[in-house]
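What follows is a single structure, written as structure tokens, with notes after it.
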Amino acid sequence: MRKISWLAILLIGGCTLIVEQSNLVSLNDSSEFRFLDEQVFIRSCRQLKEESYDIFYAAENQKCLEENAKQMQKLSEKIEQTNDLIKKEKLLDDVLASSEKFDACKISKGLTVAGFAEQSNDSAVAYWKRDKIIAYFTQVYQICENGEYFNKNDGNRIVADYQTVARQKEKNTPKIEKFKELKSEISSQNQMNKKIAALLSGDNPIIRKMQQAAPDFMRVKVNECPIIFFVQFLKENAAMLNSDFAFADNYQFMKKGADTLVLTVGDIEYTFLKKGKNSADVIVVKDVDQWGSQIINKSTILNNIDVSSSCLGYMRRSGED
């Protein structure tokens with residue numbers, strides 16, 4: 001009797017295995033799931049246990065998910081509370097690094113969080129893929145429940161945990177995208193501030209003249225480019241075309257009221273008018289043509305473009321040095 005019972009058990013087990021694998025093959029080939037990535041597919045319940053369940057619930061992977069989720073939340077709060085741009089840039093680096101680590105945590109051997117809860121410019125596509133993967137694993141666990149590796153309702157609990165990870169990723173994504181943009185802006189601002197500090201600390205008689213005459217204009221920008229960089233552009237670059245720009249004695253900075261600065265270099269004159277604390281328009285540019293006649297341009301839009309493009313050109317060249 002014992003031999004028969006053991007034989008029966010083996011036969012039942014073998015039949016169960018065949019049925020499970022057959023059902024998995026059918027599932028993988030179904031029109032509903034055939035377009036999922038190859039690394040998503042499960043071909044046996046043993047593979048589901050060893051390459052999905054065990055990997056997802058491994059202590060190291062759970063630590064990866066939990067710690068990086070907490071770290072992102074903590075750093076996000078600090079970023080909102082911090083005004084110092086250098087500290088904020090460091091915090092942004094840290095939160096973006098935590099986001100990358102969270103994305104690298106595992107759902108299964110071949111599937112990371114990033115691949116599972118992939119975000120896209122087309123949210124409908126991203127949600128479709130995520131929901132398809134969740135639906136796929138739901139059915140895989142249903143096939144493998146009450147077998148050698150899983151008990152009844154294990155699948156519901158496990159898939160619920162997958163959904164928690166997906167919600168966390170969905171919650172984080174808008175913040176992370178905003179932080180990437182903010183990082184780019186703050187990084188540019190910090191680089192700009194370093195260059196301004198270097199100019200202010202250097203032995204530059206033209207910059208000293210400007211600082212003495214109009215200290216409140218030292219960080220004022222035209223179209224997001226500091227006027228101080230435009231002045232440096234005149235000295236370093238425009239001087240190759242007009243020698244007047246090469247000599248500090250030719251530069252005159254004169255304040256007219258609280259919000260107007262007139263920069264004169266030889267026959268050329270630029271009038272800057274503040275609009276707010278740290279921005280300005282170039283309202284008048286005076287020059288002379290090749291016949292000695294004065295040219296006056298009062299087009300603020302064109303003047304701003306001319307000054308800011310020269311200024312940005314200087315910034316790019318100085319960044320390459």
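Candidates ASP287, ASP306: the one that is touching a residue at least 12 places away in the same chain (Cβ under 8 Å), acidic (Asp, Glu) and farther than 23 Å from GLN191 by Cα is ASP287.
Of the candidates VAL282, VAL231, the single residue that is under 25 Å from PRO215 (Cβ atoms) and either in a strand (DSSP E or B) or touching a strand residue (DSSP E or B) at 6+ places or on another chain (Cβ under 6 Å) (or both) is VAL282. Among the conditions (1) in contact (Cβ under 8 Å) with a residue 60 or more places away in the chain; (2) among the hydrophobic types (A, V, I, L, M, F, W, C); (3) farther than 30 Å from ASN193 by Cα, the only one that LEU92 does not satisfy is (3).
Filter the range 312-321 down to the residues that are surrounded by 12 or more Cβ atoms within 10 Å (Cβ to Cβ) and not small (Gly, Ala, Ser), then identify the one that is modelled with the highest pLDDT. Per the stated criteria, the residue is LEU312.
Against the numbered list (1) over 15 Å from GLN168 (Cα atoms); (2) modelled with pLDDT of 95 or more; (3) not hydroxyl-bearing (Ser, Thr, Tyr), GLN71 comes up short only at (1). When ALA69 is tested against (1) part of a loop (DSSP other than H, G, I, E, B); (2) touching a residue at least 40 places away in the same chain (Cβ under 8 Å), just one condition goes unmet, and that condition is (1).
Which of (1) in a helix (DSSP H, G or I); (2) surrounded by 15 or more Cβ atoms within 10 Å (Cβ to Cβ); (3) hydroxyl-bearing (Ser, Thr, Tyr) is the odd one out, the single condition THR264 does not satisfy? The single condition THR264 does not satisfy is (1). Of all the numbered requirements in (1) touching a strand residue (DSSP E or B) at 6+ places or on another chain (Cβ under 7 Å); (2) surrounded by 15 or more Cβ atoms within 10 Å (Cβ to Cβ), LYS275 misses one, and that requirement is (2).
All of SER293, SER309, SER299 fail the test of being in the same structural domain as ASN242 (by TED's automatic domain parsing) and modelled with pLDDT under 85, apart from SER293. Among the numbered conditions (1) part of a helix (DSSP H, G or I); (2) surrounded by fewer than 17 Cβ atoms within 10 Å (Cβ to Cβ), the only one that SER99 does not meet is (2).
Contact annotation: residue pairs with Cβ atoms under 8 Å, 6 or more positions apart or on different chains, pairing a residue in the range 129-158 that is in the same structural domain as ARG34 (by TED's automatic domain parsing) with a partner that is of a type in the set (Asp, Glu) and part of a helix (DSSP H, G or I), are TYR141/ASP154; ILE143/GLU20; CYS144/GLU20; GLU145/ASP154; GLY147/GLU20. Looking at the structure I just gave you, is LYS63 at pLDDT 95 or above, farther than 21 Å from THR173 by Cβ, in a helix (DSSP H, G or I) and assigned by TED's automatic domain parsing to the domain that holds VAL25? Answer is yes for this residue. Going through (1) surrounded by fewer than 20 Cβ atoms within 10 Å (Cβ to Cβ); (2) part of a strand (DSSP E or B) one by one, ILE107 falls short only on (1). With respect to (1) of a type in the set (Asp, Glu); (2) within 17 Å of LYS195 (Cβ to Cβ); (3) surrounded by fewer than 13 Cβ atoms within 10 Å (Cβ to Cβ), the lone exception for GLU236 is condition (3). ALA104 falls short on exactly one of the conditions (1) within 19 Å of LEU48 (Cβ to Cβ); (2) at pLDDT 90 or above; (3) under 23 Å from the mean Cα position of the chain (by Cα), and that condition is (1).
The values are calculated or read from the model by the stated rules, or taken from the named source; none is laboratory data. Computed from a predicted structure; not experimentally measured. Counting neighbours? That spans all protein chains shown, and the Cβs are built from the backbone with ideal geometry, glycine included.
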